[in-house]
Amino acid sequence: MRQILILLLTIGLFSCVKNKETDSNTQPEPEIETSSEISDFDLLKDFESNKTKFNSDTLEILDHSTDGGELIVYHDNEFNYVVMDFWLYGETGKLNYTYWTDNDFQFKFVKKVNYEYDKPYYEEGFKVDSVTMYLTYSEPNNRLFDSEKKEITDKELVDSTKNELNEFYKDVTQEIKIIK
C-alpha cells in the first residue's frame with residue numbers, strides 16, 4: 001500500500017511539473033514595439049501616445065509671418081526621433097508643419113496643415129478651412145498622402161510639396177540653434 005501511495009505521489013508531482021513547463025512554453029513573450037521599428041504614420045501615433053514623456057523647448061519665430069510664430073521641439077533620449085512643431089500665424093490663416101526627424105535632424109515624416117480663414121481672425125464670425133497632407137521620407141521614394149491618408153500620386157504635387165517643406169524648414173531654422 002505504501003508503494004502505491006509513493007507511486008501516485010510521484011506521478012502527480014511529475015504531471016504538475018510537466019504542466020507548469022507546458023504553460024510557460026505556450027505563453028508568448030509580449031512584443032514590445034521599440035522606437036527603432038517605427039516608421040511613417042506609426043511615428044504620428046507613437047508621438048501622440050507618448051507626447052507627455054517628451055521634453056519640450058519653445059522658440060519664438062520672428063519675421064516669417066504677420067502675427068509671429070513658434071517652434072516647439074520635442075525630444076527625449078528614450079525615443080530615436082525628434083519632433084519639431086512649427087506654427088506661423090497670420091491675419092487670414094495659420095500654418096502648422098510638424099517634422100519627425102532622426103537625432104541628426106534628417107527628415108522621416110512631415111504633417112502639413114494649412115488653415116485658411118474666410119476673413120481676418122479679429123473679425124467676428126470668421127470660418128476656418130484646413131487642408132492636411134502627410135509626406136513620408138521612406139526609401140526609395142517620397143510619398144504624399146491626403147487628410148484621409150490616401151496616397152496622392154501626382155509626381156509634380158509630391159515634388160512641389162517636398163520642396164516647399166524642405167525650403168520652409170531651411171529658411172526658418174537657419175537662424176535658430178537647435179540643441180540635440
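The values are calculated or read from the model by the stated rules, or taken from the named source; none is laboratory data. As the structure is a prediction and not an experimental result, all values here were calculated from the model. Every residue, glycine as well, gets a Cβ built from its backbone with ideal geometry; the counts of neighbours run over all protein chains shown. Please note that ligands, DNA and RNA were not included when accessible areas were found on the heavy atoms of the full protein model with its side chains. Shrake-Rupley method; radii C 1.70, N 1.55, O 1.52, S 1.80 Å.
Has the range 122-130 got any residue that is touching a Lys or Arg at 6+ places or on another chain (Cβ under 9 Å) and crowded, with 17+ Cβ neighbours inside 10 Å?
No, the range 122-130 contains no residue that is touching a Lys or Arg at 6+ places or on another chain (Cβ under 9 Å) and crowded, with 17+ Cβ neighbours inside 10 Å.
Residues that are small (Gly, Ala, Ser) and part of a loop (DSSP other than H, G, I, E, B): does the range 144-157 have at least one? Working first, answer last.
Residues of the range 144-157 that are small (Gly, Ala, Ser), as a first pass: 147.
Filter once more, so that each one left must be part of a loop (DSSP other than H, G, I, E, B): 147.
Yes, that holds for at least one residue.
Of the conditions (1) touching a residue at least 24 places away in the same chain (Cβ under 8 Å); (2) open to solvent by 60 Å² or more (accessible area, probe 1.4 Å); (3) under 20 Å from the mean Cα position of the chain (by Cα), residue 109 clears all except one; give me its number.
It fails just one condition, (2).
Within the range 55-87, can you find the residues that are among the hydrophobic types (A, V, I, L, M, F, W, C) and in a strand (DSSP E or B)?
Residues of the range 55-87 among the hydrophobic types (A, V, I, L, M, F, W, C): 59, 61-62, 71-73, 79, 82-84, 86-87.
Within the range 55-87, 59, 61, 71, 72, 73, 82, 83, 84, 86, 87 qualify.
Applying the selection to the range 63-83, what residues are within 20 Å of residue 46 (Cβ to Cβ), without any contact (Cβ under 8 Å) to a residue 60 or more places away in the chain and open to solvent by 20 Å² or more (accessible area, probe 1.4 Å)?
Those that are within 20 Å of residue 46 (Cβ to Cβ), without any contact (Cβ under 8 Å) to a residue 60 or more places away in the chain and open to solvent by 20 Å² or more (accessible area, probe 1.4 Å): 72, 74, 76, 77, 78, 80.
(1) free of Cβ contacts under 8 Å to residues at least 40 places away in the same chain; (2) surrounded by 12 or more Cβ atoms within 10 Å (Cβ to Cβ); (3) under 18 Å from residue 47 (Cα atoms): which one isn't true of residue 100, the others all being true?
Failing condition for residue 100: (1).
Step by step: first the residues of the range 96-119, then only those that are among the polar types (S, T, N, Q) and part of a loop (DSSP other than H, G, I, E, B), then the one that is modelled with the lowest pLDDT. Which residue is that?
As a first pass, look at the range 96-119 and keep what is among the polar types (S, T, N, Q): 96, 98, 101, 103, 106, 114.
Cutting the leftovers down to part of a loop (DSSP other than H, G, I, E, B) gives us 103, 106.
Working: 103: 87, 106: 92.
That would be 103.
Yes or no: residue 86 within 16 Å of residue 42 (Cβ to Cβ), open to solvent by less than 50 Å² (accessible area, probe 1.4 Å) and touching a helix residue (DSSP H, G or I) at 6+ places or on another chain (Cβ under 8 Å)?
Values: within 16 Å of residue 42 (Cβ to Cβ): no; open to solvent by less than 50 Å² (accessible area, probe 1.4 Å): yes; touching a helix residue (DSSP H, G or I) at 6+ places or on another chain (Cβ under 8 Å): yes.
Criteria not met by residue 86.
Assess whether residue 122 counts as being of a type outside the set (D, E, K, R) and part of a strand (DSSP E or B).
Details: of a type outside the set (D, E, K, R): yes; part of a strand (DSSP E or B): no.
Judged against the criteria, residue 122 is not a match.
How many residues does the range 153-180 contain that are open to solvent by 70 Å² or more (accessible area, probe 1.4 Å) and of a type in the set (A, V, I, L, M)?
Going through the range 153-180 one residue at a time, the tally reaches 1.
Please go through the range 131-152 and give me each residue that is exposed (fewer than 12 other Cβ atoms within 10 Å of the Cβ) and touching a residue at least 40 places away in the same chain (Cβ under 8 Å), ordered by number.
Listed by number, the residues that qualify are 138, 149.
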